[in-house]
Structures are given as structure tokens and as C-alpha cells.
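The structure under discussion appears below in the form of C-alpha cells.
The values are calculated or read from the model by the stated rules, or taken from the named source; none is laboratory data. Here the structure is a predicted model, which means the values were calculated and not measured. Cβ sites come from the backbone with ideal geometry, for glycine too, and all protein chains shown count toward neighbours. When the accessible area is computed, the model is the full protein with side chains, heavy atoms only, and any ligands, DNA or RNA have been set aside. Shrake-Rupley method; radii C 1.70, N 1.55, O 1.52, S 1.80 Å.
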Amino acid sequence: MTEENRIYITHLKVTDVPWHRLTTAYGRGTDFPAHLTVLEQMRYLASVKESLYELTTNMEHQSTLWHATPFGMVFLCRILEKALADSGQNPVAHFLAGELLDFFACILQCFHDGDEMEHAEALPLFSDLLKEEYL
């Protein structure tokens, strides 16, 4: 990863992403910020399950990754770190950490499968994914 990409990803905020412009399996990522907030709070198992379902089914469907997926993964990685740190004291965090690890394995498999196919060259900068020409 380039230093420029690392810095961009490290400093990216949920509000920096035009979620309403990013495609998902079932539409646009407009509701992603609300679902990410629910996961980050790790308060109620039922709401965490619901938000996790909404995010994961919209970020991956039948091994297809969507425009919202890389940005969702940035924030899910941060949430996983917090869930792992809190999993000893918070059963919701413990549940979420396990589910996120499973989802990450799924995303990794999709990435490997896609890497075997012919595809366009990767964009040089992560931030390029938000350029108007790609939205």
C-alpha cells in the first residue's frame, strides 16, 4: 500500500464518503452510516444483527463486490478492532467480532476469485474510486 493510500484510509471519515452515490447489491449505500453507527456502538444484539445483515448483504452478493464495498470495509475494519478489544467484557462485541471475521474471509475469497478473472487495471489511489467519472 502506498503511503498516500494509507494516509487517506487512516483519516477517512464516514461523512467523507458520498454513500448515496455508491452502488450496492440492492441499491445505494445511503443507509450505511446509520448501520455503521449501530455496529460501532455494539449495544443491542438485535440491532447489531440487523445492521450487520444490511451491510454485508449489500457489500457482497453471489461473490460480487460493489462500489460501496471498499469504503464499507474501511469502517468495518475499525469496528472489528474495537469489537476485539471489547469482546471480553461485551457479549455483543464478542458476537460481532466473530461475524466480522467470517465476513472478512468471504470478502477475501471474492477478492481472490476476482483476481483470477480478467479485469481493468487497479486505480492508483484509493480516493480515485470517488472521482466523478467512476460514480
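Observations
- In this structure, D86 and K13 have a Cβ-Cβ separation that, at R0 = 25 Å, corresponds to a calculated FRET efficiency of about 0.70.
- Accessible surface of the chain [probe 1.4 Å, protein heavy atoms]: carbon and sulfur percent: 56
- Sites D31 and C106, calculated FRET efficiency, Cβ-Cβ separation with R0 22 Å, nearest 0.05: 0.60
- Virtual paramagnetic centre 7 Å along Cα→Cβ of Q62, amide N under 19 Å, in the stretch 19-38: 23-28
- Tensor-based shape of the stretch 2-47 (alpha-carbon gyration tensor, a/c under 1.5 rounded, otherwise prolate or oblate): oblate
- Spacing of the modelled spin labels on N5 and H20, each 7 Å from Cα toward Cβ, amounts to 3.0 nm.
- In the context of the full set of protein chains, the stretch 45-96 has a per residue accessible area of 49 Å² (1.4 Å probe).
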